[in-house]
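Shown next, in structure tokens, is the structure this report addresses.
The values are calculated or read from the model by the stated rules, or taken from the named source; none is laboratory data. Note that the structure is predicted; figures quoted are calculated from it, not measured. Because the Cβ atoms are built from the backbone with ideal geometry, glycine has one as well, and the counts that use them run over all protein chains shown.
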Amino acid sequence: MTLSRSRGFTMVELAITLFVLTVLAAFLLVPLAGREEIRNRHQTRSSLAEIREALIGFAIIHKRLPCPTRQTNPAASDYGLEDSTCNQTSEGYVPWRTLGLPQIDAWGSVRQSATDPWLGYWRYRVAPAFADPSTPPIGITTAPGVNLDVHDVVSGNSLVATDLIVAIVYSTGPDLAANGQNASYESGNAVYDYGAPTTGFDDQLDWISRPLLLARLGAAGALP
């Protein structure tokens, strides 16, 4: 006669079960809004990386970076395209149609009329010498002409060397407003804030440095 015996959980199986239950409990403790916020921030960070690659790709093709877009009327034929005059007197937005990119971040609202606010549109600043079509193509001697500095939002310390940045792009985050030093615009040398979210700062920012851009152009055989 064969005796059947029931087998309970082994210690290993019990430990795995407890671990899974602990992970599930921790996930459920995170509010839905908190999980959505984390997802939106990761999505925006990924989008910023895509924008940076698209900007570099444009530079490889055209030997310059694109100018910001400033057309306010969604019905205009040049809406979302780079500004043909490449005017640098005010901060603009990423020319999403020129680059073939989504126009807003994870919190944005697509504009329907010329009077709508630019909620969640990617802010964009570029050094004139690296974008203006009337200047020579980008070469190893091209200098930014303005110092676009990035500071740590908590310590206030500069994160980059002088005259190193040639383009800055950022999202205004869930509050849909530029925070810290990003809230003001300096037409010449300028300071931008960067860092983890705080009670008064939720922008997400990325930049392209001159050495990185020249290296990518050189690797693509796009330097004169």
Odd one out for PRO102, checked against (1) touching a Ser or Thr at 6+ places or on another chain (Cβ under 9 Å); (2) under 16 Å from PRO133 (Cα atoms):
(2)
Would you be able to tell me the number of residues in region 144-155 that are in a loop (DSSP other than H, G, I, E, B) and either at pLDDT below 95 or touching a strand residue (DSSP E or B) at 6+ places or on another chain (Cβ under 9 Å) (or both)?
6
Which of the residues spanning region 122-144 are surrounded by fewer than 20 Cβ atoms within 10 Å (Cβ to Cβ) and farther than 18 Å from PRO224 by Cβ?
PRO128
Here is a list: ARG52, ARG45, ARG7. Which entry is charged (D, E, K, R) and at pLDDT below 90?
ARG7
Please work out which residue is farthest from ALA219 (Cα to Cα), limiting yourself to region 64-81 and to residues that are touching a residue at least 24 places away in the same chain (Cβ under 8 Å) and buried (at least 17 other Cβ atoms within 10 Å of the Cβ).
THR69
Can you pull out the residues in region 153-162 that are surrounded by fewer than 20 Cβ atoms within 10 Å (Cβ to Cβ), in contact with an Asp or Glu (Cβ under 8 Å, 6 or more places away or on another chain) and over 20 Å from ARG216 (Cβ atoms)?
SER158, LEU159, THR162
Is at least one residue of region 173-191 under 14 Å from the mean Cα position of the chain (by Cα), in contact (Cβ under 8 Å) with a residue 60 or more places away in the chain and assigned to a strand (DSSP E or B)?
no
Quick check on region 172-182. Is at least one of its residues at pLDDT 95 or above, crowded, with 16+ Cβ neighbours inside 10 Å and among the charged types (D, E, K, R)?
no
Filter result (in a loop (DSSP other than H, G, I, E, B) and either aromatic (Phe, Trp, Tyr) or at pLDDT below 95 (or both)) within region 83-100:
ASP83, SER84, THR85, CYS86, ASN87, GLN88, THR89, SER90, GLU91
For ILE138, are the conditions met, namely being aliphatic (A, V, I, L, M) and free of Cβ contacts under 8 Å to residues at least 60 places away in the same chain?
no
